[in-house]
Structure formats: structure tokens, C-alpha cells
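Nothing in this text is a laboratory measurement; each read-out follows from the coordinates by a stated rule. All values derive from a computational prediction rather than experimental measurement. Ideal geometry is used to build each Cβ from the backbone, glycine not excepted, and the neighbour counts take in all protein chains shown.
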Amino acid sequence: MSLDLMRDVAKPILAGFGITAQRLKKKKVTISYPDERREQYQRTRWRHYLVRYESGLEKCIGCSLCAGACPARCIYVEADENTDQERYSPGERYAKRYEINMLRCIFCGYCQEACPTGAIVLRQNFELANYERKDFIYTKEMLLEKVPGEADECYNRVPTIR
Amino acid sequence: MAELKLLFEHAGNPAYQTIEGYIAKGGYQALDKALKMERQAIIDQIKASGLRGRGGAGFPTWIKWNGLPKEKTKRHHIVCNADEGEPGTFKDKQLMEETPFLLVEGMTLAGIACQGDAGYIYIRGEFIDAAKAMRKAIDEAYAAGFLGKNIRGSGIDFDLYIHLGAGSYECGEESALMSSIMGERGMPRLKFPHAPLPTIAGLWDEPTLINNVETFCCAPFIVNKGGEWYATMGASTKNSRGTKLFSVSGHVGKPGNYEIEFGTTLMELLEMSGGMTGGKLKACVPGGSSVPIMTAEMCDGAIIGYEEMMQAGSMVGSGGCMFLNDKTCIVQFIWRTAMFYAVESCGKCTPCREGTKWMLQILERIVKGNGQPGDKELLLDITSQIDGRSFCGLGDAAAWPVAGAIKVFPEEFDYYIANGKSIVGSPLPMVPA
Amino acid sequence: MHGHKTFDSSALPRALTERPRILVQPLESMAAVAETRLVTITINDVELQVPKGELIVESVKRLGLEIPIFCYHARMKPVGMCRMCLVEVGFKQPDGSVRKMPKPQAGCTLPADNNMVIYTDTEMVHRDRKGVLEFLLVNHPLDCPICDRGGECPLQNNTIFYGPSTTRFTELKRHLPKAYPLSQYVTLDLERCIQCGRCVRFTEEISGDAQLAFRFRGSNMQPSTFQLLDFDSKFSGNVIEICPVGALTSAKYRFRARPWDLETSPFNCLECSNHCSVWFDHRAGKFVRMNGRTNEAVNEEWTCDKGKFGQDWINDSNRSVKVMVRKGDAFAESTWSEAYDQIIAAFSGGHCAALIGGKQSNESLFLLGKLFRDGFKSNHLDSRWTRHLTDDALKLAPDTIASLEHKKTILILGTSLADELPMVFLRARKAWFKNGTQVLNVTAKANEADAFATQSLRYDEDHEADVVAGIRLALEGAADDAFALVARRAQVSAADFRAIAKELGPDTAIITSRSIFNVGDAGDVLDGLQAIARKTGCTFNCYAVNGNDAGAEALGLIGGQGSLNTREILEACVNYRVKALWLFDCNPFDLYPDHHLVNDALESVAFLVVQGSNSSSLTPYASVVLPSAAPAEQDGSYVNMEGRLQRGKGMLQAPGDAKPSWRIFSELLLRTAGGTPYFNPSEILQAIGQEVPSFAGVGDGELLKSAVAGGVTA
């Protein structure tokens, strides 16, 4: 009777503890976010950035192709003409307004694919939570990288672990 | 065979350039004869002569003359195409300068046969001397009663006007020439089957006869001596009759205009003009720059005649015969030719406008030593996209020399592209800016 | 870049400053003219019958096929320049075999003929199309992303459907000035031009001003104005629409939006009385641009610059957006109900009147009339602003725009057609160009119609009455001395009068506009022209000029028959007989010639309502300012100068407090006369149909009954 009890109850319990005990020896998989962060895959598509040329000029020419390609219709572009006095991008045209409604965005990356100048890129920064709905409308000032190349570095500047 | 001087019998004789001298040498006999003939009888004589258009296409002349309406409801116009711009051709210039009355009489004959009201001689803008000679001849003919109201008391009126072009190769195309006369931009107009033939609706939508200078100059002889007599010349060929003027140039001893009977061989023409200088015969462009180029082997035994030359791989064209010796670089020659067509394209249709420029850009790259593998095939492809696709024949004319040269001298192109320099070692010629 | 002319113009003779007058003569053998006889042709092995002479590019459409085109335009003579439409052509031989032509033929210039065999889908045709597109693209810049045409560009579309996927062109592309301002409206990008000649042909064949031409030749060929003058054609906007690439773009639309950003709706332009059918493009609630919409009866597919580029006021910052009420000396924002209370207090009692202008819908006008008659017990409304006032309304427009095309003779009297009635001008020119109509242009000043008029007659300004009298004398066969007085006053010789009179007959249309009622002795002009029409049997048209004037007249918003007309209303204001005046979308200072009277009236009247969509200089006179919606912001129907009723849909949101006018009147009507209010314009249109005889049973695009029944009135 008691032997049966041993076999049916105690043995499985001990086996379960055994698995737990074995796990203790292994490296843990959780990290203490946000103190630690995981490195993202190279092709992760999260937050959009508008990038600049080395010279500091914007790559975006305000062509609206991203808006045309967007399946969620969450991009709004208004273009204007560069002048020699006030130049934003190399050619004739630049984006005066560039807005993305992040609540609508489905992060498909079609905008990046459609962009003829490689101006809009989706990078690894996934921390997009916010408190107000209106704060999810990302304006051109928010999207535009401050210095050339920032978008590539955007996530790597926070401490990451492998 | 030797030279056979018919049109040029009195060329160079200053007396022949006056109306008295012209009449003394048998001039205006044809006109007097024609005034007594039925209109259709004149056209029949032209038909019997087997005369074909001397401007390049070789279209039977009598069909045009016969094509104007017999029942006259509108004005009829006779137009002479004297816009001789084909590189290598300079026969009309000499005809107008030295035998102007032949042209005046020839056009008057056409005016009688086709019930023409007025004739227009469209002279290339650069031919100032020719225009002056024609002006003088026309004035003399008016004074002597061979032009104007009631010619020779026959009751027939015929006026002759000179229209000077403004230096466009395109205006040598007959419909562009008509546009130019009407004061429009010198661009070709719609042609059959897209629009009626000029013999039905030409200048100002009225029946119009257009012929080359040389064609008109043949008419007096045909009317005077009969079509059958004219047809005895060149009888050895399939379908080419009479004599033809050839403007021989290039590496020959005595460049100039030579009048020969159809059936003469190309080599005989070369001999007449003093043979090759500076080297052996390498290539020949027999009929103006737009006809396909011939190698020395192809020239050998080639007989001059419309069909015969086609058989030999080229065309009689307008008779601008260029002989090139073996020091000539064909690639550079074609580059220079392509430059002409790129500059002279009127710009109306896409294939000619863009194609000629592109061909020139590629050839320019090749002759400057930057040719790339595949350029030869690309050039051939471009020519096939122009040939037959352009609005008028001048697109074809721009494509033929390039395509022809690549076909018969492929190794020259290959060498130039591969080595960046000419196979014969000739340096890049100077080109006027 | 913009605003600077960078062309090298040194090659041009600068001494020449006058624009050369170049006229393309119409030729009899226009390939586009199709006969009625049918011929049998075969297209891709399908046999069909088409009218002889029909162009193959049109014939293939009968089978639902399409031949790609660039230079071909159905309303212009075919030229066959671009070679995009190459097809293989053969002829059926008696033995049933097909003899193919050695070269491909341009489908846009080839007239159909018996036994013709067409192939549009062979390997050769595909190769040729690819070849032509490759040629067109070698020098075409790949700046599609910033090109205003990108997304609606025939070159893009044809390249995707028929073109090569890559280029073999490795040389330098042609570089030419970009964004060169041809005029204040039209921007030219020479790099993008594919030299199809559509713009050049438009100015030669349609607008007739021949201001564009090609310069240079070969690959350097470029469209341009003569001597690089401004492209100041009154129809210049059309070349933007017909350009198959982005070479000619609108300076006003430049970089404003991409085609996929736009919403578009059918609309009728109300800048003049022609009411052209247009596409009204808007984005995010703002008007962006206007393009022509095909309507064979009115504008075919063209627009005039005045309409196409004259719509900016909709987006204007001075739009009236607040209800304003005067409180003592101050003028304060208020509410609709407060304004209504004041208005009802001031207008009740019948000593009130309304003056009407501009672009208001039939529905608004009808309710305004109803409000005054039923609510305010007054009948003093007038929509006419000319010095001489007539009540003949649409009876003075027997000819529709389209019917002018087939007149033998058109006499234009005292109006610059291209300015006042642009579509009538284009039709008159088309009549001359296509059908050989002779046009007689009798105006005080030279104008565009002179270019094609068989006779142009100039007279001393303001002497239209004498000119008409002179023509009448000539018709009566008067002797030379009878002309002495009119000839001296109008500075026209008797012979000139006779030359004009000689051409008038039953197949003649006399065209003039309402603005002729502003000249001295306008009554005599009107009577004289009607007498001429009766004598010769020709038709006499005196077309309305502004917005929906014809609609207002058809609805009876004209004085007379016991009610005061415009002048009488203004005078009544001055002597306090009218105590409350409603200005409905009009500025009397712009419209009425007598400014002193207007000023006195507006200063004297006790209560002034200024209602309109834009705030104006009238605000200082106003007691109440009511903001109302623009035509594009409300549903409504409009009547053009030939009596054609056309309905428009509201597309935009009216700014601020602005309301559709009909709603304002409906609300006031409810507060004064009571009854069931009208809730939408369709209901009102129904009521119009029941209450106004000429509107009964008239549908969209149809002519009003008064116009159809119209004719010469004694």
C-alpha cells in the first residue's frame, strides 16, 4: 500500500524537483528589463526614423510614396519646395510636414520599402508606450534623426545584453 | 564604258547659261514640241523612257506625272526639290549653276503635262550661287516668253518661283519641303496611306508634283528625242534607263561629277574619276551617306542600276559616291556620319530624335577609346528600333549606314572596342564644332 | 530656381517685342474627319465594321482593346510623332491571303479602309513599343518621386505596361532648365519633355493663340513661347492636363500633393456662367486643384485659367467664419439665434429688400425668395447689376454652346468672348476650325477672337447702339447718307456695316453678353439686335455672365412687376423707404457701376445684413454678418447661361460657424412663416420643380424649359 503510494505520488514529485534542480545549474533566460535590455535582431522593424545624409541634409524628399504604400494609411506628408536660402534636402522638394500615427501603424515596413531615397527606416527601438493618444502622432521633428547616422545607433546606445 | 554626257554635254560652257546659247545648242526645242502635243502624250513619252526619280528613291517618274487629276478643280503645283543635302552629293548644285535652263525647261514641260499653274524650286539655303544662276535663267526665260502668261503664244500660263531653304537636311524630304514652302516648321507631314498622296493633296492641299532637279533636267531630252530613244541608254540593266550623275568623292584622283549610262560598273566609275589615291580601295558608299557601305569585294563587279546595286548590297541613292582607301577607319567614318544625322534630325518622331543622338553618343564613346563589349550589338539593336519605325525615311537613312557598316566591317568595330584604337591606326579626325 | 528665367535667349532678336500672329489654317483633308460610309476591317482576327476614315487608334476601342499613345489626342489633328501606337498593318487580298506592309504603321494617323487587317498584339508590335519607350526614357529624368505627374503619368503607365524593365543607356542624360516658369500658372520642366507636341498643337488648334512652338531641332527640340515671352493664354491651364509627362505642371499645384493623396469629386466651376464640368480635387478638407471633366455639351474637356486657377478663395484666410452682430458701436461675435432675432425684428413689416449676386445655388435662391415673400412680406429682390435692366432672362439664349458649332455664321457683338464666356469662345473657334463657320467680331477693343474672325470691326467705345443701328440700316439697304450720324459716332464706315450685314442670315447666331447692358442706350442695343434677328431670321443670344445669374433669373429673382429692381432698391434705401437690406453674397461696389448711389444706400439703410462666404469691405456698414458655405461645401443645383441645370455635391466642411445658405433661409422661414422646414437641398429642388414652371421635370444636365422654348421675344 505504502509502496504504491511511494510509486504513484512521491516519485513524480521528486522527479519534478529534479528537473527544477537541474535548471538551477543553467543560465537564466529572463532579464531584468528595463535595467537590462536584450539585443534586437538586425532586421527588427519597430520605430520609424527619418535619416539624414552625411552632409546633414534630409534624405526625405516628401514624395509621399510611403503614404501611398501604407496599408494602414497612417502616414501624412506635405511637401514644399527647397530654396537656396532654405534648404532641407538636396533636390527641389522636401517634406514640410511628416506625420505617422503610431496607433494605426502595423509595422509592416512597406514605407521603408517604397522609399526611393532610403529616408524612412524602421529600427529596433520598440519602446513606444505612452499615456496620451495624441502623443502617438509622431511629427517630423520626432522622427528626424538629430545627427546623421543616429537611426542606426538608436537602440545600441542603451545597455544591452546578449 | 566611258562617260556619256547628256545633261552635262554643255556643262561648263558659259554660253549655255544664257538663253541664246541654250537655244543655239538645241534648247527649248522640247518645249515647242510639247506645246503641240497632247498632255497625255508627254506623259506617255516619260513612261516610255523608263525615267525614275533621281533624288534617291528611284520611283517611276511617269506615275507621279500621271497621278495629278486630269480634271482640274484646284490649282496644280510643280515643285522641284533642289534641297540637295545628302552628304557626298553635289550634282544638283552643278546642274543649277551650269545648266539652269534644263531645269527651267524641264519644269515647264511638267507644268504643261500636268496643267501646273506655278512651279517652286526649293533650293538649299547654302546654294547661293545656284540660286543666283536660277534667278538669272528664270528672268531670261520670262523675258523671252518661255515663262509667264501665254507661253510662246500657246495660251498656257506657267510661273516659276525660287524658295530658299534655311539649312535643314530634313527639308529635302518632300513633305517637309512642302511644309517649309507653306511657311510651317520644316517637319514631314503624314503620307500615304495616312494621308492622300501629294499628287492629290500636296501644297495647300492642292495637287502637287515633286521631282528632283536631275529628274526634271532629263525631261527636255526625253520629250525632244522621244522616250524610246532615251530608253536605249542603260538597256543592259533590269529596269534603269538613261544616264545618271554621280558625285564622286573620297580618296580618288579626280573627284567631281560624272555622268554615266546605267549599266556601267562601279569600278569603271572609279577609273573615270582617276582611281584610288593613297592606298587600295577598302570601301565605297555609292549613293550618298545614307546607303549601306560596300566592301571592296562587294564593289568588284557591281553594276550601276537600281536593282543591280540592291543585289550588290547597297543602293544608287542620290549618286553621292564616296570611295575610301585602306587607310580609312570605318568606325570613325560612321561616327562622323552619325553625327550628321543626329544634328540634322528634325525632332518630330521619337526613334529618329532620340535614336540618332544615342547612336552618336555610343559611337563617340567608342572612337574615344571607351567602347564596351556589347556596344556593337547595342548599336545594331538601336538601328533596328529606328529603321522602319520613324515618321519619315530620314530615320531609316540614319540607321542604314550604321547597321550596314557593322554588318560588313564587324572586325573593325570589334577591334576598336577591344583595343580603344583604330584597326588602321588613324588618329581621331578633327570635327568642326 | 522658381521665378528666375534661366534660358539663354541671346540668339533671339530682342528688338521684336510684339508676339507674331501665327495662324494655323484648317485644311480640308483632316484625317480625323470620318465619313459615314462603313468599311470592313479586321483587328486581331476579329472582323468589324467601322466608318471609313476612322483612325485605327479609335477603331480598336470598339473591341475593348487599347493602343498606347502619347501624342495622339482625340480633339486634335493626329500627327504621329511619338510612334508609340505602331501596329502591324496588312491588306486582305482577293484570294483571302493577307499582304502585310513591310513597316509597322502609326495607328493614330491611319484611317480605316476596306480590307485592312490590323495586328496590335504581335511580337513585332511589342518589340516596337518597348523600343519607343526605351528611346523616350533615355533622356527622361527619373525624378518621378518628386514629379507632380507621378502617379497619374501616361509615360509611367505605358512604361509599366509596355516598356523595358531596365535601360541600356549608360551615357549622360540631357540636362536642361528645370521648373522654368512659363507663366504665373504654368511651370515647364524641359528635361521631362518627350516632345509629343500636344501643348503646341493645343495652342494652335484649340485655344488658337499659337503661343507655344518648338525651338531647335532633333534631340535639342524644346517647346517654348516665342521669344520667351510669358505664356499668357487664357486657356494655358489645359496644357498641364494634356501633357503626357510632368513637363508642364501647375505652379499652383506644385508639390501640393500626390495623386494618391487626393480625393476627387465631380463639380461645376462657378467662376463664370458657363459652368464647366470639372474634377474638384481636395485633400484633408482643403481644395487642392481643379481639372477638366468631359462634358460634350459644355466644355468638352477644357477649362479656362480664370476657373482653373481662380478657386483659391475657398482656402482663403479671410473666410467669414463667425456670426457677428452690431451692439451699439461695437461689433461682436454672436450666435445664430441672436442674429436671427435681430433680423426678424428688422425685416418684418415689409420695408425690406435683398440684393443677390455670385455663386449661390438655385435652392438657396429659391428659399431666399420664399423667405422674403412669405416671411418678410416683401417682393423686392433683384439679382441683376447692369445699368440697363431687362426681364427677358433665359429667353435670350436660344442657342446652346454645342449648337454654335454648326452655325454658318457667328456674329460676336460687344463682348470679349474669351474673357466673359470662355467656353463659348472655344466653341466658336472650333466651329471655324472644324466646320468653316465664319466669325464676325464686332467689338470696341481688339481681342482673341480677331485671330480667326473673317471680319473684325472696331468702333468707338460705348457706341454699341450706333453700331447696331448701322447694321440695321445696312440690312434695310439704306443709302450712304443715311449712315452719316451712326458712322460718325461709332467711327465705322457704311461699307463696313454693309459687309457685316451681308453675312447675316437664318443660319447665323448673334452672340453678346449681359455686360452689354452696361453701355449707354443699352435698351436700343437690345431692341436693335432683336429687330435684326427678326429681319434676318437669325438667333440672338444675350448670355448671362456671372455664376448662377441665369438660375436667379429663372427663379424670378428679378425686379419689375410691382417690385423694386436693383437701382430702385438702392434709391429706396437712400430715401428710407427700404429700412432693412440683405446683401446675399454680393459686393455692390464691385458689381454696380454707380458707386455713389451704393455708398449712400449702404450708409442710409437702417439695418444691413451682409451674408457671404468671404468677409468683405462691407463689414463696416453691416448690422449683422452671416457666414455662409461656399458652393463646394454644400449640395446644390445651378443653371448655366444656356439654361442647363447641373447639380453639385458638397465635398468640404464649411469653416467655423458657416452654414449653407439654404439652411439659414430655411431656419428663418421656420421662425417667420412656420410650416415644415426643408431639411436638404433635394427637397428644395423638388419644391422648385413644383412651384417654378420652367424647372418642372428638369433633371441633371438638362435644359430648363424656358431655355428650350426660348427664342426671339418681341
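Any chance you could get the radius of gyration and Dmax over the Cα atoms of chain B, in Å?
In order Rg, Dmax, the Cα atoms of chain B give 21.9, 72 Å.
With each label point set 7 Å from Cα along the Cα-Cβ vector, what nm distance links residue A:4 and residue C:387?
So the two model labels end up 12.5 nm from each other.
How big is the Kirkwood radius of chain C, worked out from every pair of different alpha carbons and given in Å to one decimal?
Hydrodynamic radius (Kirkwood, Cα only) of chain C equals 28.3 Å.
Under the definition of Cα pairs under 8 Å and six or more residues apart, what whole-number percent is the relative contact order of chain A?
Worked out over chain A, it gives 30 percent.
For the range A:64-76, just list the computed ³J(HN,Hα) in residue order, Karplus coefficients 6.51, -1.76 and 1.60, θ = phi - 60°, integers in Hz, with x standing in for Gly and Pro.
The phi angles translate into 6, 5, 4, 5, x, 7, 5, x, 9, 6, 10, 10, 10 Hz.
What aspartates and glutamates sit close enough to residue A:134 to cross-link, taking a C-alpha to C-alpha distance under 15 Å and skipping anything fewer than 8 places away on the same chain?
In chain and number order, the partners are A:99.
Modelling each spin label as a point 7 Å along the Cα-to-Cβ direction, I'd like the residue B:24/residue A:136 distance in nm, to one decimal.
Placing both labels 7 Å along Cα→Cβ, they lie 10.8 nm apart.
What does the charge count near residue B:176 come to, summing +1 for each Lys or Arg and -1 for each Asp or Glu among other residues with Cβ under 15 Å from its Cβ?
Result for the neighbourhood of residue B:176: -2.
With all distinct Cα pairs included, what does the Kirkwood hydrodynamic radius of the range B:14-231 come out to in Å, to one decimal, could you say?
So the Kirkwood estimate lands at 17.0 Å.
Taking the Cα atoms of the range A:48-153, report the difference between the largest and smallest coordinate on each principal axis, in whole Å and largest first.
Each principal axis gives a Cα extent; for the range A:48-153 these are 40, 28, 25 Å.
So what's the angle, to the nearest 10 degrees on a 0 to 90 scale, between helix C:422-435 and the longest Cα principal axis of chain C?
That helix lies at roughly 40 degrees to the long axis.
What are the lysines whose alpha-carbon lies under 17 Å from the alpha-carbon of residue C:649, with same-chain residues fewer than 8 places away excluded?
List returned: C:286, C:359, C:659.
Over all alpha-carbon pairs of the range C:562-703, lay out the pair-distance distribution in 5 Å bins, whole %, shortest bin first.
Going out from 0 Å in 5 Å bins, the range C:562-703 shows 2, 9, 14, 16, 17, 18, 15, 8, 1 percent.
Determine ³J(HN,Hα), in whole Hz, for all residues of the range C:665-681 in sequence, where each value follows from phi through the Karplus function 6.51 cos²θ - 1.76 cosθ + 1.60 and θ = phi - 60°; x replaces Gly and Pro.
5, 5, 5, 5, 4, 5, 7, 9, 8, x, x, 7, x, 8, 9, 8, x
List C:200, C:186 from most exposed to least, where exposure is judged by having the fewest other Cβ atoms within 10 Å.
C:200, C:186
Tell me the chymotrypsin sites (Phe, Trp or Tyr not before Pro) within the range C:500-584 that lie in a loop according to DSSP and have at most 14 other beta-carbon atoms within 10 Å.
Passing sites in the range C:500-584 are C:576.
Compute for the range C:245-354: radius of gyration divided by Kirkwood radius, i.e. Rg/Rh, restricted to C-alpha atoms, rounded to two decimals.
1.16
Expressed as a whole percent, how much of the Cα-Cα distance distribution for the protein assembly as shown exceeds 49 Å?
So the portion of pairs separated by more than 49 Å is 49 percent.
Can you work out the Karplus-derived ³J(HN,Hα) for every residue in the range C:501-506? Use 6.51 cos²θ - 1.76 cosθ + 1.60 with θ = phi - 60°, whole Hz, and x for glycine or proline.
Couplings: 4, 4, 7, 7, x, x Hz.
Counting other C-beta atoms within 10 Å, which of C:385, B:62 has the fewest, and how do the rest follow?
B:62, C:385
Between residue B:136 and residue C:167, what's the calculated FRET efficiency when r is the beta-carbon distance and R0 is 51 Å? Round to 0.05.
0.35
At q = 0.10, 0.18, 0.21, 0.23 Å⁻¹, what log₁₀ I(q)/I(0) does the range C:131-250 have when each alpha carbon counts as one equal point scatterer in the Debye sum?
-0.29, -0.94, -1.24, -1.43
Provide the net charge surrounding residue B:47, with neighbours chosen by a C-beta distance below 14 Å and charges set as Lys +1, Arg +1, Asp -1, Glu -1.
Computed value for this residue: +1.
Do any of C:130/C:173; B:348/C:173; C:52/C:408; A:59/C:178 go past 29 Å between their Cα atoms, and which?
none
Using Cα positions and a limit of under 20 Å, work out the aspartates and glutamates in reach of residue B:149, with same-chain residues fewer than 8 apart set aside.
Here the aspartates and glutamates satisfying the reach criterion relative to residue B:149 are B:32, B:38, B:105, B:117, B:139, B:140, B:157, B:159.
If you average 1/r across every pair of different Cα atoms in the range C:38-121 and take the reciprocal, what Kirkwood value do you get, in Å?
12.7 Å
Determine the gain in length on full extension of the stretch residue C:114-residue C:40; use 0.36 nm per residue of separation and subtract their C-alpha separation, reporting nm with one decimal.
Computed gain between residue C:114 and residue C:40 is 26.1 nm.
If we count every other residue with Cβ under 11 angstrom of residue B:63's Cβ, Lys/Arg +1 and Asp/Glu -1, where does the sum land?
+3
Restricting attention to the range C:188-261, which chymotrypsin sites (Phe, Trp or Tyr not before Pro) occupy a DSSP loop and are surrounded by at most 11 other Cβ atoms within 10 Å?
C:216
Return the distance in nm (one decimal) between the two label points of a simple spin-label model at residue C:47 and residue A:54, each offset 7 Å from Cα along Cα→Cβ.
Taking the simple label geometry, residue C:47 and residue A:54 are separated by 7.1 nm.
When C:283, C:514, C:577, C:217 are ordered from fewest to most other Cβ atoms inside 10 Å of their Cβ, what list results?
Sorted ascending by nearby Cβ count, the order is C:577, C:283, C:217, C:514.
Near the amide H of residue C:439, under 5 Å away, which other amide H atoms are found, from residues 5 or more places off or on another chain, if H is placed in the peptide plane?
Placed amide hydrogens put C:410, C:454, C:455 under 5 Å from residue C:439.
Listed here are the pairs B:93/B:357; B:91/B:244; B:47/B:70; B:91/B:132; which of them are more than 19 Å apart at the Cα?
B:93/B:357
Amide H neighbours of residue B:159 under 5 Å, at least 5 residues apart or on other chains, H built in the peptide plane: list them.
Hits under the 5 Å cutoff: B:118, B:119, B:148.
Please list C:464-470, C:407-413, C:528-534, C:89-95 highest first by mean number of surrounding beta-carbon atoms within 10 Å per residue.
Result, highest mean Cβ count within 10 Å first: C:464-470, C:407-413, C:528-534, C:89-95.
As I understand it, the dipole of chain C uses +1 on the Cβ of Lys and Arg and -1 on the Cβ of Asp and Glu, about the Cα centre. Which of C:542, C:523, C:437 lies farthest toward its positive end?
Most positive-ward Cα: C:437.
Nearest 500 deg cm²/dmol is fine: what mean residue ellipticity at 222 nm does chain C get from its DSSP H runs of n ≥ 4 alone, each adding -39,500 (n - 2.57), divided by its residue count?
When only DSSP H runs of four or more count, the value is -7000 deg cm²/dmol.
As an exercise, use a Förster radius of 35 Å and the Cβ-Cβ distance of residue C:333 and residue C:702 to find the FRET efficiency, rounded to the nearest 0.05.
Calculated transfer efficiency: 0.20.
Counting only residues 5 or more places away or on other chains, whose amide H sits under 5 Å from the amide H of residue C:547 once H atoms are built in the peptide plane?
Counting only residues 5 or more places away or on other chains, the set is C:272, C:273.
Could you work out the helix-only [θ] at 222 nm for chain B, with each DSSP H run of four or more residues adding -39,500 (n - 2.57) and the total divided by the number of residues, to the nearest 500 deg cm²/dmol?
-12500 deg cm²/dmol
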